[in-house]
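A short worksheet on the structure shown next.
The values are calculated or read from the model by the stated rules, or taken from the named source; none is laboratory data. Note that the coordinates shown come from a computational prediction; the quantities given were computed from them, not determined experimentally. Note that each Cβ is placed from the backbone with ideal geometry, even for glycine, and that neighbours are counted across all protein chains shown.
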Amino acid sequence: MEESDTFADDEVRDAEQIARRALALFSTVSLAFQAPREDILNWLKSEGLWSELSPSELEFVSAERPTRKQIINASWKSEALIVLLWAIRKIDQLPAPNEQCDTALFKLHLPPFVEMSVSSFISEAARRSDDILIDMADHILQLHWRARDARLHNRPMPPDLDIEVIQERHHAINWVIGYDGAPWDEVTTDT
């Protein structure tokens, strides 16, 4: 099988889907970093983004008192969000695979912080080519494999890798490329 055929049955998501997913994910990441809950909920509803939340995100944003685990899981989704922003050309490159993203970047690129409406953010999103996205998916898969291999064989983690960072990015790129056609909460990160 040729490398380009690896994801042949998967349908890469379009720019609008990625932009809407990024906005929904931004709301949950914001809540994890203690943004005012009512403001986030009102924004999601007023912008027509409530239906974009995945079941686990809906559970998190609806919880009056989310668990510590829910908050930690939502905060890690910042690594998935950075991939979505890269996929729609809002940022030029991803941080190194051993470096957590700078969450301050989100306020530079996402409504309501930028001078752009949600509808403009969605309609103006420009997705990278299928080839570039699939190449990135393959690259992240290889990084994740190296990290998992080290862990499985009780070897030190390679210093250029952070398995938690890579796993979240792997999840996001697999969703972008439509890996197995799975919805957000069901995307796998097989290695």
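Below, the figures for the structure above:
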| item | result |
| --- | --- |
| The lone exception for E59 - which of (1) surrounded by fewer than 17 Cβ atoms within 10 Å (Cβ to Cβ); (2) within 17 Å of W175 (Cβ to Cβ) it fails | (2) |
| Flag for S75 being of a type in the set (S, T, Y) and touching a residue at least 40 places away in the same chain (Cβ under 8 Å) | yes |
| Cβ-Cβ under 6 Å pairs, at least 6 apart or on other chains, segment 96-110 side under 20 Å from Q167 (Cα atoms), far side at pLDDT 95 or above and in a loop (DSSP other than H, G, I, E, B) | P97/L161; N98/D160; N98/L161; N98/D162; C101/P95 |
| Residue within segment 54-65 that is in contact with a Phe, Trp or Tyr (Cβ under 6 Å, 6 or more places away or on another chain) and free of Cβ contacts under 8 Å to residues at least 40 places away in the same chain present | no |
| Index of the failed condition, K107 passing every other in (1) assigned to a helix (DSSP H, G or I); (2) within 25 Å of L49 (Cβ to Cβ); (3) modelled with pLDDT of 95 or more; (4) not acidic (D, E) | (3) |
| Output for segment 163-176, where each listed residue is out of contact with any Ser or Thr (no Cβ under 7 Å at 6 or more places or on another chain) and surrounded by fewer than 21 Cβ atoms within 10 Å (Cβ to Cβ) | I163, E164 |
| Top-ranked residue of segment 1-33 - restricted to ones that are modelled with pLDDT of 95 or more, of a type outside the set (V, I, T) and part of a loop (DSSP other than H, G, I, E, B), ranked as nearest to T191 (Cα to Cα) | R13 |
| Index of the failed condition, S117 passing every other in (1) touching a Pro at 6+ places or on another chain (Cβ under 7 Å); (2) buried (at least 21 other Cβ atoms within 10 Å of the Cβ) | (2) |
| In segment 128-162, residue nearest to N73 (Cα to Cα) [restricted to those that are charged (D, E, K, R) and exposed (fewer than 13 other Cβ atoms within 10 Å of the Cβ)] | R151 |
| Helices (runs of 4 or more DSSP H) enclosed by segment 112-191 - at least 2 residues per element that are farther than 17 Å from A24 by Cβ and without any contact (Cβ under 8 Å) to a residue 60 or more places away in the chain | 130-152, 163-176 |
| Condition met for I173 (at pLDDT 95 or above, touching a Lys or Arg at 6+ places or on another chain (Cβ under 8 Å) and under 28 Å from W43 (Cβ atoms)) | no |
| Subset tally (residues that are part of a helix (DSSP H, G or I), closer than 15 Å to L23 by Cα and out of contact with any His (no Cβ under 6 Å at 6 or more places or on another chain)) for segment 56-84 | 11 |
